[in-house]
1. Between residue 361 and residue 29, 0.36 nm times their residue separation minus their Cα-Cα distance comes to what?
2. For region 287-351, with only Lys/Arg (+1) and Asp/Glu (-1) charged at the beta-carbon, what is the dipole magnitude about the Cα centre, in debye rounded to 20?
3. Lys/Arg Cβ at +1, Asp/Glu Cβ at -1, dipole of region 168-263 taken about the Cα centre: which of 218, 229, 197 is farthest positive-ward?
4. Nothing charged except the Cβ atoms of Lys and Arg (+1) and of Asp and Glu (-1): what's the magnitude of the dipole of the chain about its Cα centre? Round to the nearest 20 debye.
5. In nanometres, what is the gap between the two model label sites at residue 321 and residue 15, each 7 Å from Cα along Cα-to-Cβ?
6. Stretch residue 304-residue 123 to full length: gain in nm at 0.36 nm per residue minus the Cα-Cα span?
7. Sort region 103-177 into rounded, prolate or oblate with this rule: let a ≥ b ≥ c be the square roots of the eigenvalues of the Cα gyration tensor; rounded if a/c is under 1.5, and if a/c is not under 1.5, prolate when a/b is larger than b/c, oblate otherwise.
8. Can you give the net charge of the other residues whose Cβ lies under 12 Å from the Cβ of residue 204, counting K and R as +1 and D and E as -1?
Amino acid sequence: MTLREVNLEDFRPLSRWKLLALGRQIQDWLRRGFQVTVLGRPQDLAYFSLVNGVPLDDEPAEIHRPVMLQEVLDFLQARPGAVIVDATAGAGGHTEALARTVGPEGRIIALDRDPEMVRLAQKRLRPYPWVQVLHADFARLPEVLQDLGVQEIHGVLFDLGLSSYHLDQAGRGFTFRRPEPLDLRFDPSEGRPASWYLNRAPQPFLEAVFRLYGEEPLARRLARAIVEARERHPLETTDDLNALIDRWVPVHRRARTRARVYQALRILVNRELDRVAEGLAHALNLLSRNGRLVVLSYHSLEDRLAKALKHLEGVEPLTKKPVRPQETEIRRNPRARSAKLRAYRKTGAIDRGEVVLAYLRSFVPHPAGDLDLL
């Protein structure tokens, strides 16, 4: 399927006549079978919808731009009638493209841990009854498919990055750019928020988290500062944590250090790397022969797990090196800059799931200490 993207920023200054002409062009593309995505600021998208008489949902118009969408479709090679698992549905961008590709004779099972993302994806994907969007963890993929009676799957997609919704609207501390509670859980009903660890974990544990999960050179300094600061008042918001980082980190390093610390806390809170190892092991085990697995990762720890798959017997790498987004996509969507895509084909039998899982877990670092005893 050929994809076409239209960015309203390229047509500024906008006028009614420009948008009408653009709307006619888009309608022509749709009639010819193209998939068209219109990008732009919410107010510009609303103007486009008004001029062309296109209904505008009450949801934000620009929740998520699927990263490397054409590349994902090319490597998955989903055909009409295929059964595909989107293990990280998000707002449904990749899922919708896959749904159009497999058609009504196919089936898409889309999972997400975040109940709000599930709601948004379900709304977006309502026109595709062959898509099931479930509030589920991809680490439980075997149970999910068993409950659905699915015996065979032909492709699995993991898009391990944060969605724009999490950064712009979730209000759970995924971004350090706004005052928000230090939660960072994808599913607010599970586990403990980041503030719980910051205010209770011992200094060596916090240092290990920042070093292992954030690859932060100033991990020891920051861990010591947090332990000292929480004696005076608890760290509950992004403003609290940002102020502490800014006090101990030189100006030219603050933005990068903030990003690393928030990444480390998010990985800790959601047990992300363990879950990725489980999800990848299950996906390989459940794929049919010649089934395909595509992984989009956004930092080195995720990519290390995706890269490790190429050494497994019965798995053929389809990418010698990770595929990176093109400059045109990065200009449209700067958050795609760090993405790496790796793709694999299952060529035959692989080791039992527990063997593969043990192998992948060997790439997951763990801070010393029992989390349940904190």
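Bear in mind that the values in this text are calculations on the coordinates, not laboratory data. Being a predicted model, the structure only gives us computed values, none of them experimental. Cβ placement follows ideal geometry from the backbone for every residue including glycine, while neighbour counts extend to all protein chains displayed.
1. Details: separation 332, 0.36 × 332 = 119.52 nm, distance 4.63 nm.
Between residue 361 and residue 29, full extension yields 114.9 nm more.
2. Dipole size: approximately 240 debye.
3. Highest projection toward the positive end goes to 218.
4. Once rounded to the nearest 20, the dipole reads 1180 debye.
5. 4.6
6. Values: separation 181, 0.36 × 181 = 65.16 nm, distance 3.41 nm.
Result: 61.7 nm gained on full extension.
7. prolate
8. Around residue 204, the surrounding residues sum to +2.
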